[in-house]
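Novice: Pasting in a structure now, in structure tokens, and then I'll have a few things to ask.
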Amino acid sequence: MKGGHRILKIFTRALSLVALVWIILHGNLLLWIGTFVVFAIASVALSRLYCGWVCPMSLIMDGISSLRDRMGIKKPSRPLRTRVPWLQALSLVVFFGALVSVQTLHLKLPLLPLLVAIAVTVSLFAHESLFHSSMCPFGMIQSWLSRWALWGNRVDTDRCVGCGKCQTVCPNRCAIVADGKASIELGLCLQCGSCVDVCPVDAIGYHRRKGGQQ
């Protein structure tokens with residue numbers, strides 16, 4: 001059923017949030033890193049399923065966005081560019097530098113709580129796509145690995161009518177309509193399914209790559 005994946009997605013991300021809280025309380029950062037490494041490798045074939053279906057940060061950010069809508073607070077507009085090279089480089093250097101320091105110097109840096117705090121701050125004062133594409137180290141790595149993924153959300157151009165609804169709801173500016181047809185950039189796509197839900201002709205779905213298709 002169209003949109004029926006929402007409940008399952010909330011459930012899987014809620015479980016992940018519980019796991020995140022457990023890891024923070026027990027200080028087992030390596031377990032979280034190991035889990036991400038598994039999903040990062042899988043993204044080469046399955047795209048960014050971690051971002052759309054597992055990441056607890058996405059659940060937190062979606063919750064803040066929903067609360068803001070209920071309170072009538074205007075949501076920040078999406079930036080024209082979700083990938084900001086200097087911010088990506090800074091985020092990666094700071095995160096992995098801190099990670100190495102924690103493991104080698106045994107410093108007690110609250111990396112995961114800090115990452116959660118950054119996600120919440122971005123949700124409150126900017127568009128979440130900035131976090132997904134230029135601040136989250138996990139998201140950036142998956143973005144690079146999933147550009148030519150075997151499976152992912154793709155557009156059936158024979159069905160597409162170019163209405164632009166997918167482009168409007170896409171949280172990360174990966175759905176683009178040009179020359180009357182939509183296309184999805186897999187590297188940016190969070191596999192959240194928002195475009196699938198709103199497409200009036202069912203032209204978008206999670207499909208295997210065909211031939212020279214990206």
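The values are calculated or read from the model by the stated rules, or taken from the named source; none is laboratory data. Keep in mind the model is a prediction, meaning the values are calculated, not measured. Cβ sites come from the backbone with ideal geometry, for glycine too, and all protein chains shown count toward neighbours.
Novice: Given ARG70, ARG78, ARG48, which one is surrounded by 15 or more Cβ atoms within 10 Å (Cβ to Cβ), more than 21 Å from VAL21 (Cβ to Cβ) and out of contact with any strand residue (DSSP E or B) (no Cβ under 9 Å at 6 or more places or on another chain)?
Specialist: None of the others qualify; the one that does is ARG78.
Novice: If the requirement is being touching a Ser or Thr at 6+ places or on another chain (Cβ under 6 Å), among the polar types (S, T, N, Q) and either over 18 Å from ASP202 (Cα atoms) or modelled with pLDDT of 90 or more (or both), which of these qualifies: ASN153, ASN172?
Specialist: Answer to the check: ASN172.
Novice: Check whether at least one residue in region 179-195 is touching a Leu at 6+ places or on another chain (Cβ under 8 Å), under 21 Å from ASP62 (Cα atoms) and touching a residue at least 12 places away in the same chain (Cβ under 8 Å), and report yes or no.
Specialist: Among the residues of region 179-195, at least one is touching a Leu at 6+ places or on another chain (Cβ under 8 Å), under 21 Å from ASP62 (Cα atoms) and touching a residue at least 12 places away in the same chain (Cβ under 8 Å), which makes the answer yes.
Novice: Also, I was wondering about something else. Name the residue, out of CYS136, CYS189, that is touching a strand residue (DSSP E or B) at 6+ places or on another chain (Cβ under 9 Å) and not small (Gly, Ala, Ser).
Specialist: Being touching a strand residue (DSSP E or B) at 6+ places or on another chain (Cβ under 9 Å) and not small (Gly, Ala, Ser) holds for just one of CYS136, CYS189, which is CYS189.
Novice: Taking the condition surrounded by fewer than 15 Cβ atoms within 10 Å (Cβ to Cβ), over 20 Å from LEU109 (Cβ atoms) and not aliphatic (A, V, I, L, M), does PHE39 pass?
Specialist: No.
Novice: List the strands (runs of 3 or more DSSP E) inside region 129-211, counting only whole elements, that have at least 2 residues being of a type in the set (A, V, I, L, M, F, W, C) and surrounded by fewer than 18 Cβ atoms within 10 Å (Cβ to Cβ).
Specialist: 175-178
Yes/no per residue for (1) farther than 22 Å from ALA175 by Cα; (2) touching a helix residue (DSSP H, G or I) at 6+ places or on another chain (Cβ under 8 Å); (3) in the same structural domain as CYS174 (by TED's automatic domain parsing); (4) touching a residue at least 24 places away in the same chain (Cβ under 8 Å):
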residue: LEU49; (1), (2), (3), (4): no, yes, no, yes
residue: MET71; (1), (2), (3), (4): yes, no, no, no
residue: PHE125; (1), (2), (3), (4): yes, no, no, yes
residue: CYS136; (1), (2), (3), (4): no, yes, no, yes
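Novice: All but one of (1) within 18 Å of the chain's Cα centre (by Cα); (2) more than 24 Å from MET61 (Cβ to Cβ) hold for VAL169; state the number of the condition that does not hold.
Specialist: Unmet condition: (2).
Novice: Moving on. Return the total of residues in region 99-128 being outside any helix (DSSP H, G or I) and crowded, with 17+ Cβ neighbours inside 10 Å.
Specialist: Qualifying residue count, region 99-128: 1.
Novice: Now a separate question. Only residues that are hydroxyl-bearing (Ser, Thr, Tyr) and within 19 Å of the chain's Cα centre (by Cα): list them for region 84-117, please.
Specialist: Passing the criteria: only SER91.
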